[in-house]
Amino acid sequence: IASQSRRLANALRKHGILAGDRVALLLPQCIETVVAHIAVYRLGAIAVPLALLFGPEALAFRLNFSSARAVVTNAAGLEKVSLIDQEIPELSIMFCTDGSNGNARDFHQEIAESSPRFTNIDTRRDTPALMIFTSGTTGPPKGALILNESKGGGGVYT
């Protein structure tokens, strides 16, 4: 997990994802989800976990609200995002755990081709790390930005 997350952090950086950028994670519970979360935190970016059960309209709202620049997903999620990707102006790169497809790059190939060496971005206690959404049952979903409240800030993922 450590090596793969460093490699993914390098792949994200290679494709222009920087500290503070939002990276949507549209994945089931799997090892790739863990790797992606840790890679995003290493990079100082902000993870935006999204449910695969969301339809295109719900995804478009959350991707636009969060200003997501990247999406890490599987084939099922990619199918939905591909229906709306033209509506997401900030979205610049997609990675698919089931291989390259259309505009999406192959998650595993990107990891394999990236360096295992990565220096974590220093973060502070008030650095945003995660954006989650309310359910939206009483109106539009609301984004909640979670800060890196770990003791001493970043450097947790080695």
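What the table below lists for this structure:
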quantity: Selection count, the range 108-126, where residues are of a type outside the set (K, R), open to solvent by 50 Å² or more (accessible area, probe 1.4 Å) and under 14 Å from Y41 (Cβ atoms); calculated: 3
quantity: Which listed residue, of A60, A47, is of a type in the set (G, A, S), open to solvent by less than 30 Å² (accessible area, probe 1.4 Å), within 17 Å of L12 (Cα to Cα) and not in a loop (DSSP other than H, G, I, E, B); calculated: A47
quantity: Unique match (being part of a loop (DSSP other than H, G, I, E, B) and within 13 Å of the chain's Cα centre (by Cα)) among L18, L53, L25; calculated: L18
quantity: Verdict on F133 being among the aromatic types (F, W, Y) and open to solvent by less than 70 Å² (accessible area, probe 1.4 Å); calculated: yes
quantity: Subset of the range 15-34 (residues that are more than 19 Å from T123 (Cβ to Cβ) and open to solvent by less than 10 Å² (accessible area, probe 1.4 Å)); calculated: A24, L26
quantity: Among (1) open to solvent by less than 10 Å² (accessible area, probe 1.4 Å); (2) at pLDDT below 95 - the single one D85 does not satisfy; calculated: (1)
quantity: Count of the range 125-135 residues which are touching a residue at least 12 places away in the same chain (Cβ under 8 Å) and more than 24 Å from K14 (Cα to Cα); calculated: 4
quantity: Close pairs from the range 1-13: first over 17 Å from T97 (Cα atoms), partner surrounded by 21 or more Cβ atoms within 10 Å (Cβ to Cβ), Cβ under 7 Å, at least 6 apart; calculated: R13/L43
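The values are calculated or read from the model by the stated rules, or taken from the named source; none is laboratory data. Remember, it's a predicted structure, so these values are computed and weren't measured experimentally. A quick note on method: Cβ atoms are made from the backbone with ideal geometry, for glycine too, and the neighbour counts reach across all protein chains shown. Keep in mind that these areas ignore ligands, DNA and RNA; they rest on the heavy atoms of the full protein, side chains included. Shrake-Rupley method; radii C 1.70, N 1.55, O 1.52, S 1.80 Å.
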